[in-house]
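Step one of this worksheet: look at the structure below.
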Amino acid sequence: MIGTLEAKIPSGPLAGKWTNHKDHSRLISPNNRRKFEIIIVGSGLAGGSAAATLGELGYRVKCFCYQDSPRRAHSIAAQGGINAAKNYQNDGDSVYRLFHDTIKGGDFRSREANVYRLAEVSTNIIDQCVAQGVPFAREYSGLLANRSFGGAQVSRTFYARGQTGQQLLLGCYQALCRQIAAGSVEMFPQTEMLDLVIVDGHAKGIVTRSLRSGKIDKHAADAVVLATGGYGNVFYLSTNARGCNVTATYRAFKKGALFANPCFTQIHPTCIPVSGEHQSKLTLMSESLRNDGRVWVPKRKEDRGKPANEIAENERDYYLERKYPSYGNLAPRDISSRAAKEVCDEGRGIGPGGRGVYLDFADAIKRLGENTIRERYGNLFEVYEKITGEDAYKVPMRIYPAVHYTMGGLWVDYDLMSNVPGLFVIGEANFSDHGANRLGASALMQGLADGYFILPYTLPNYLAGQIGKRPSADSPEFQKAEGEVRARVKKMLDVDGKRSLDSIHRELGLLLWDKCGMARNAKGLGEALQKIPELREKFWREVRVPGDGEDFNQSLERAGRVADFLEFAELMCADALARDESSGAHFREEHQTPDGEALRDDENHAAVFAWEFQDDNGQIAPPKLHREPLHFDTVHLTQRSYK
């Protein structure tokens with residue numbers, strides 16, 4: 001293994017760890033910063049904020065994204081809001097409560113120190129974004145408004161109607177553009193990272209391919225930062241943008257970076273249900289809708305085909321309010337998703353195939369008026385009507401859980417550096433903050449915390465010892481990595497089979513949804529681990545990738561991503577099988593309470609599972625498991641309850 005599995009958590013009281021760490025971190029003087037080149041892969045909220053901040057500090061930054069503009073990063077799709085412990089509502093919130101809710105929401109499978117730092121830094125994010133001009137919703141008085149999200153009993157979520165991610169990304173993009181104009185950041189749009197270059201055990205560059213021309217290039221740097229998001233598209237159908245992929249993090253994994261908790265995948269409870277096999281993605285309906293919408297299904301199976309307005313109030317089962325009275329419709333995502341699956345499995349689901357539940361706004365409209373609901377969620381209702389043809393002001397929305405976010409990612413220490421020195425991983429691409437289940441409105445919080453307020457402090461701890469050590473992009477290590485990328489591209493183009501990429505990816509997605517989705521068991525995971533290699537062999541034998549590598553070729557770019565998904569899926573299922581417990585979104589059917597809730601095994605599995613890639617003469621061998629024990633000194637391990 002490259003490096004060590006050492007979290008490097010600072011000593012001292014939890015509340016003082018981050019301040020103490022900053023006070024004793026190494027520094028790089030302003031006149032030396034311009035001597036360093038930093039590569040950042042990804043330009044969403046995490047990557048964009050990191051590039052803008054490091055550029056402002058004086059570093060020379062190269063920022064890569066596969067979109068035609070940073071404004072198209074998938075962060076733009078986040079709808080409901082961003083958490084921060086400001087306590088503007090005077091309802092009892094605090095840094096500690098946000099920390100506690102996040103640890104509990106993640107079912108005690110994240111590091112206390114990282115999560116407390118996230119809660120602590122959250123308050124700075126709102127001030128930063130307001131200063132950038134992000135148009136957060138405001139109350140009549142002009143003060144910033146808040147709403148509630150799942151897993152919390154306070155209102156701490158700041159929002160901009162149902163397009164919070166877009167507005168935050170525009171603020172971040174403005175800061176990034178300023179640095180591009182100043183010459184401190186160089187953007188490489190429509191460019192995909194295809195490999196990580198390791199020199200003397202350190203990450204010192206990447207190999208890329210231009211999606212416009214097909215040109216393969218090498219880029220050397222003093223450090224590499226991955227901010228490439230999650231891998232939810234391994235399931236084929238998800239709420240992620242079609243381009244979202246695992247390639248950057250998986251290629252880093254194959255070069256020695258440890259991949260942590262890959263089986264922790266979040267299923268979001270409020271998405272528009274699947275309507276047919278023609279679909280290539282699913283659409284999120286923000287969790288914020290559960291502030292005013294009530295989730296229900298008919299009490300009797302016989303009523304599931306009736307129009308909603310013909311089912312009497314006493315014939316409706318508001319099952320979240322019934323099962324979790326303390327949190328009601330704002331129970332956490334993993335719990336709400338499993339509850340929806342449960343009632344649908346009982347035969348009480350509504351809509352095509354019985355795979356849907358109602359999200360009903362009739363009571364809220366009666367109580368608050370339609371105009372208030374329009375002000376809060378208008379664009380979400382418009383999206384829903386465009387897709388379904390139904391007016392949610394008049395009839396309930398139909399929703400069903402779908403893959404949305406991934407808590408797993410590359411392993412990082414307290415400084416957000418992987419076990420590979422010089423390789424930093426931020427945002428959804430790392431594993432660090434959300435444990436086995438992310439609370440709503442915390443993804444934007446983590447991305448901006450990592451980029452604006454954490455990485456700029458921790459990166460110098462590595463860089464201070466690297467002055468003058470940047471290798472040439474023509475060194476043997478770079479030449480070798482480029483050769484491997486070219487050989488892989490040629491191998492895909494040479495298959496010349498008959499099957500489409502989508503057909504193979506869809507087959508993989510259905511297999512994972514069935515065996516490693518909302519519920520898993522040892523038998524199903526074993527079957528998946530047997531079928532995935534067979535499907536991978538089919539890919540390399542039967543897939544058709546038209547065109548050539550020296551040109552604009554979307555089939556080739558997609559083929560590379562699907563090939564990586566076919567390898568990564570095996571790692572995900574191996575992790576799910578090894579974690580012989582239920583925790584958060586990882587629900588092993590063999591391990592549940594009498595009430596059907598996740599039953600953890602803290603004695604054997606209170607740990608981060610970090611996997612090391614194993615190569616067997618060019619073939620994939622079973623990965624090697626390393627464990628980082630999790631210690632809870634402030635929040636005590638208990639059975640999670642939202643009742």
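The values are calculated or read from the model by the stated rules, or taken from the named source; none is laboratory data. Just so it is clear, the structure is predicted and the values come from calculations on it, not from any experiment. FYI the Cβ positions are ideal-geometry reconstructions off the backbone, even for glycines, and counts take in every protein chain you see. Remember, those area values only see protein heavy atoms, side chains included, never the ligands or the DNA or RNA. Shrake-Rupley method; radii C 1.70, N 1.55, O 1.52, S 1.80 Å.
A few points about this structure:
- A straight chain from THR372 to HIS24 at 0.36 nm per residue would run longer than the Cα-Cα distance by 120.3 nm.
- In the range 389-478, chymotrypsin sites (Phe, Trp or Tyr not before Pro) in a DSSP loop with at most 16 other beta-carbon atoms within 10 Å: TYR393
- Accessible area expressed per residue, the chain, with surrounding protein chains retained (probe 1.4 Å, Å²): 37
- Lysine pair number, Cα distance threshold 24 Å (strictly under), the range 1-140, separation 8 or more or different chains: 9
- Amide hydrogen neighbours beyond the local backbone of ARG60, cut-off 5 Å, H modeled: PHE36, ILE38
- Estimated FRET transfer efficiency when R0 is 41 angstrom, pair GLN619-SER11 (beta carbons, to 0.05): 0.40
- Once the Cα-Cα distance is subtracted from the 0.36 nm per residue extended length, the GLU313 to LEU144 segment shows a gain of 57.2 nm.
- Highest to lowest packing among 498-511, 538-551, 226-239, 615-628, scored as the average C-beta count within 10 Å: 226-239, 498-511, 538-551, 615-628
- Annotation note: chymotrypsin sites (Phe, Trp or Tyr not before Pro) in the range 551-643 located in DSSP loop regions with a Cβ neighbour count of at most 16 within 10 Å are PHE552, PHE632.
- Estimated translational D of the range 414-504 in µm²/s (Stokes, Kirkwood radius over Cα pairs; 37 °C; 0.692 mPa s): 191
- Accessible surface of ARG374, taken over heavy atoms with a 1.4 Å probe and every protein chain present, rounds to 100 Å².
- Helix-only mean residue ellipticity at 222 nm for the chain, each DSSP H run of n ≥ 4 adding -39500 (n - 2.57), per residue, nearest 500: -11000 deg cm²/dmol
- Top positive-direction residue, dipole computed over the range 102-243 with Cβ charges, set TYR159, ILE125, GLY214: TYR159
- Dipole moment magnitude, nearest 20 debye, the range 268-402 about Cα centre, only Lys, Arg, Asp, Glu C-beta charged: 220
- In sequence order, the range 335-343 has phi-based couplings of 5, 5, 5, 5, 5, 5, 4, 4, 5 Hz under the Karplus curve 6.51 cos²θ - 1.76 cosθ + 1.60, θ = phi - 60°, and Gly or Pro positions carry x.
- Evaluated with a Cβ-only charge set (Lys, Arg +1; Asp, Glu -1), the chain carries a dipole of roughly 880 debye about its Cα centre, given to the nearest 20.
- Placing a pseudo-label 7 Å from each Cα along the Cα-to-Cβ vector at ASP68 and ASP345 gives an inter-label distance of 4.5 nm.
- C-alpha center-to-center spacing [the range 241-302, the range 386-432] in angstrom: 8
- Largest first, the residues MET1, MET572 sort by 1.4 Å accessible area into MET1, MET572.
- Cβ-based charge dipole, the chain, positive-most Cα from ASN90, ALA559, TYR66: TYR66
- When the solvent-accessible area of the range 6-100 is split by element, carbon and sulfur atoms take up 48 percent of it, the probe being 1.4 Å.
- Rounded, prolate or oblate (a/c below 1.5 giving rounded, otherwise prolate when a/b exceeds b/c) for the range 476-608 by Cα gyration tensor: prolate
- DSSP-assigned coil residues among GluC sites (Glu not before Pro) in the range 589-635, each with at most 16 further Cβ atoms within 10 Å: GLU589, GLU590
- Remark: the range 476-487, residue by residue, has Karplus-estimated 3J(HN,Hα) of x, 4, 6, 4, 5, 4, 5, x, 5, 5, 4, 5 Hz, where x stands for each Gly or Pro and the curve is 6.51 cos²θ - 1.76 cosθ + 1.60 at θ = phi - 60°.
- Shape class for the range 268-402: rounded, because the ratio a/c of the largest to smallest gyration tensor axis (alpha-carbon atoms, square roots of eigenvalues) is under 1.5.
- Normalised size of the range 71-223, defined as Cα radius of gyration per 2.2 N^0.38 Å with N residues, equals 1.32.
- Two-decimal Rg to Rh for the range 383-542 - Kirkwood Rh, Cα set: 1.07
- Over 19 Å between alpha carbons, listed pairs LYS301/LYS386; LYS490/LYS538; LYS366/LYS394; LYS341/LYS531: LYS301/LYS386; LYS341/LYS531
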